Amino acid sequence: MKRHGFTLVELLVVIAIIAILVVMLLPAVQAAREAARRTQCNNHFKQVGVALHNYHSAFGRFPPSFIHWHDSTCSKSKGNAAVFEYTGWGWGAFLLPFIEQQEIHDMITFETPGYVGTTPSREAGIMPIETYLCPSDPQGFELVGCCTMVPLPGYTDQEDVGKSNMAATADSLDYTCDGHEPDEDPLTADGIIFNQSDTRIKDVRDGTSKTLLIGEITGGEKGSHGSRFWSAHGFEDTAEGINGPFSMPGGNPTFDWKRGGFSSYHPEGCHFTFADGSVHFLNQDMDQAVLAGLTTRAGGEGVGEY
């Protein structure tokens, strides 16, 4: 009986065709997956925008980025002589009841210094808050190091608090005072949410549709335990633009705590929630003067299209 089958040449041709199809389809599959991740990230920023407005309705103001006092020679600092340094909780913690995280909120003793407070507070600070995370960030969720403290049982000294991909747009200027004397409490910042801020919608004189509230940030590579976190220190300035040189998406080899700026692993830009609650994806190549104008709450820049 005569048998039929593929010759070696035919088999190689079929394999080559399959390989070509895979190469052609892979970018489309990756693009579809990124589109889905970007949509999910956009939804997270929308949820936080709604939560911030609900917080404003409840308390008559937006939350501060965090509560921090310390002595410093930086020109922006207003040190409290009675307390050398006190770091309280940030907007990510204040907002928990408004993003369906009341249980974690109830674990926190807000009267004690933030993430170095009582054990229930510290256990709250390590919780993953999905709403504050971006699915496109290859770092994923991990605990990050923030300060010198005794680790919680079962954790290392680099696993202090839970990572976040969101930060308040606190200032249009370099909050580290031109990169010299670090100043982690920009009390005179020109954005909406910053240290010890008490900003109301009526204070946003540039218009809520023309002023940024929060933006997207990235940390280090997976396993680096380097990133900002949701429990405190949740702010950045826009002085370095979007995906700037101090961010890893912008080319920096490691996470820069002081000057990372706003960045994302979405192609060509990152998400921002505006003071009217809307979410926009801003391009990394946008004019820096426009980005600065969108950051200020009452700068009178007259920002046009963006």
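Read-outs throughout are calculated quantities, based only on the coordinates presented, and are distinct from any laboratory measurement. The shown structure was predicted, so the numbers you read here are calculated from the model rather than taken from an experiment. For neighbour counting, all protein chains shown are included, and Cβ atoms are generated from backbone atoms with ideal geometry for every residue, glycine included.
For Asn165, the residues 5 or more places off, or on other chains, whose built amide H falls under 5 Å of its own are Leu133, Cys134. Here's how it looks for Phe66: its modeled amide H is under 5 Å from those of Trp91, Asn195, Gln196, Ser197, which are all 5 or more places away or on a different chain. In a shell of Cβ-Cβ distance under 10 Å around Val204, excluding Val204 itself, what net charge do Lys and Arg (+1) and Asp and Glu (-1) give? So the environment of Val204 carries a net charge of +2.
Panel order for Arg38, Arg205, by other beta carbons found within 10 Å of each beta carbon, from fewest to most: Arg205, Arg38. Spin-label model, Glu100/Glu34: points 7 Å from Cα along the beta carbon direction are separated by 3.0 nm.
Quick one: net charge around Glu301, please, counting Lys, Arg +1 and Asp, Glu -1 for every other residue with C-beta under 10 Å from its C-beta. Cβ neighbours under 10 Å give a net charge of 0. Of Lys163, Lys202, Lys46, Lys258, the sequence from fewest to most neighbouring Cβ atoms within 10 angstrom is Lys202, Lys258, Lys46, Lys163.
The Gln196 and Ser57 beta-carbon pair, evaluated with R₀ = 25 Å, returns a calculated FRET efficiency of approximately 0.75.
Annotation: amide H of Leu213 within the under-5 Å range of Thr273, Phe274, Ala275, sequence separation 5 or more or interchain, hydrogens built in the peptide plane. Relative to one another, the C-alpha centroids of the stretch 247-306 and the stretch 154-177 are positioned 16 Å apart. Each residue of the stretch 249-263 was assigned a 3J(HN,Hα) from its phi angle through the Karplus curve 6.51 cos²θ - 1.76 cosθ + 1.60 (θ = phi - 60°); the sequence is x, x, x, 5, x, 9, 6, 9, 4, 7, 9, x, x, 8, 6 Hz, with glycine and proline shown as x.
When all alpha-carbon pairs of the stretch 249-306 are counted, what percent fall beyond 12 Å? Within the stretch 249-306, distances greater than 12 Å cover 72 percent of Cα pairs.
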